[in-house]
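Notes for the one structure printed next.
What follows draws every value from the coordinates through simple rules; no lab data is involved. Small disclaimer: the values here were computed from a predicted structure and weren't measured. A quick note on method: Cβ atoms are made from the backbone with ideal geometry, for glycine too, and the neighbour counts reach across all protein chains shown.
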Amino acid sequence: MRYLVETLKTRNETLFYFGLLCLFAAIVFILLSFTTNVKVYGVNAWIKPFKFSVSTFLYVWAMAWFIGYLPAFNASLFNWVTIVTLGFEIVYIALQASKGQLSHYNISTPVYASLYAAMAAAATIATIGAAYIGILFFTSEFPQLPPYYLWAIRIGIIVFVVFSLEGFVMGSRMTHTIGGPDGESGIPVLNWSTKYGDPRIAHFIGMHALQVIPILSYHLLKSTRLTIMLGIAYALLAVFTLVQALQGKPLFKL
């Protein structure tokens, strides 16, 4: 772990500290969840900013690690686009949590509608940035990387980008529940619906391909063939959960 932290700081100090800030924010938000009974859609108001902060922390550190492999790449623009877009999302979600109000799908006033649209734009810009990094991993040479690990990074970024944009499935419906109302019973913390379809599951699985596939490939599989098979299986799992959600079926029926 010490090697990971020290190497990451050397590779991209800016994203290293932004990731730490997100992790610190996540700790603050989870502590705040014990100080209030205010709920949004039946869940403690501070759980959502907690989840977004943890997810951003994992994304930022993963991308900081990967772009450290890119030859002669000036990461400054990518860093600040990432910080501004994802930082804005966390701040707005936390602000709405403090008021016990929705952040996503909240178009109750012109201001909230504009801020919600700004969040969608911010997420899209950040995803485009990740897609650009993915393109560089296909067009650049990496003689220092094992082929299986290089393919793991490529596949992880591809699946991440596709299922990050899958968020528009929910945005177009203005709901994260299909077949029933938002706010029904769900599994703890993640709050994925146990009664109806929930596209957030595919969103979650797909976006964390960025960490899961490279880690398993590098530390366990050590094979290009097995890595590609894992990537296909992982993507199919995300697609399966999305199709099931669109049919209004819960993944976990409790």
Check your understanding: How would you classify region 147-254 from its alpha-carbon gyration tensor, with a ≥ b ≥ c the square roots of the eigenvalues: rounded for a/c under 1.5, else prolate if a/b is greater than b/c, otherwise oblate?
Key -> prolate
Point to revise | Farthest toward positive dipole pole in the chain [+1 Lys/Arg, -1 Asp/Glu at C-beta], among VAL91, HIS176, PRO188 | key: PRO188
Review point. Using alpha-carbon pairs under 8 Å, 6+ residues apart, how would you state the relative contact order of region 147-254 in percent?
Key: 40
Check your understanding: Kirkwood hydrodynamic radius of region 1-144 from all distinct Cα pairs, in Å?
Key -> 16.4
Check your understanding: Amide H neighbours of ILE178 under 5 Å, counting only residues 5+ apart in sequence or on other chains, H built in-plane at 1.01 Å?
Key -> GLY197, ASP198
Check your understanding: Which of the lysines could a cross-linker span from LYS249 if the Cα-Cα distance has to be under 18 Å and same-chain partners fewer than 8 positions apart are dropped?
Key -> LYS195
Review point. If packing is taken as the mean number of other Cβ atoms within 10 Å per residue, what is the order of 124-131, 50-57, highest first?
Key: 50-57, 124-131
Revision key, fill the gap. Rg (one decimal) and Dmax (whole number) from the Cα set of the chain, in Å, equal 18.5, 54
Review point. Hey, can you rank 61-68, 198-205 by average C-beta count inside 10 Å, highest first?
Key: 198-205, 61-68
Point to revise | Residue among TYR116, ALA62, GLY100 farthest towards the positive dipole end of region 1-144, charges placed on Cβ | key: GLY100
Point to revise | Folded to 0 to 90 degrees: helix 2-11 orientation relative to the chain principal axis, Cα | key: 80
Study note, to complete from the structure: Plugging the Cβ-Cβ distance of TYR17 and THR175 into 1/(1 + (r/R0)^6) at R0 = 41 Å yields, to the nearest 0.05, a FRET efficiency of 0.70
Exercise for review: Using a Gaussian network model of the chain whose springs link C-alpha atoms within less than 10 Å, name the residue from LEU226, LEU23, LEU102 with the highest mean-square fluctuation.
Suggested key: LEU226
Review point. So what is the 222 nm mean residue ellipticity for the chain from helices alone, if each DSSP H run of at least 4 adds -39500 (n - 2.57) and you divide by all residues, rounding to the nearest 500 deg cm²/dmol?
Key: -22500 deg cm²/dmol
Study note, to complete from the structure: Ranked by GNM mean-square fluctuation in the chain (Cα springs under 10 Å), the top entry among PRO146, PRO188, PRO214 is PRO188
Point to revise | Per-residue HN-Hα couplings for region 193-210 [Karplus 6.51, -1.76, 1.60; θ = phi - 60°; Hz; x = Gly/Pro] | key: 4, 9, 10, 10, x, 9, x, 5, 5, 5, 4, 5, 4, x, 5, 8, 4, 4
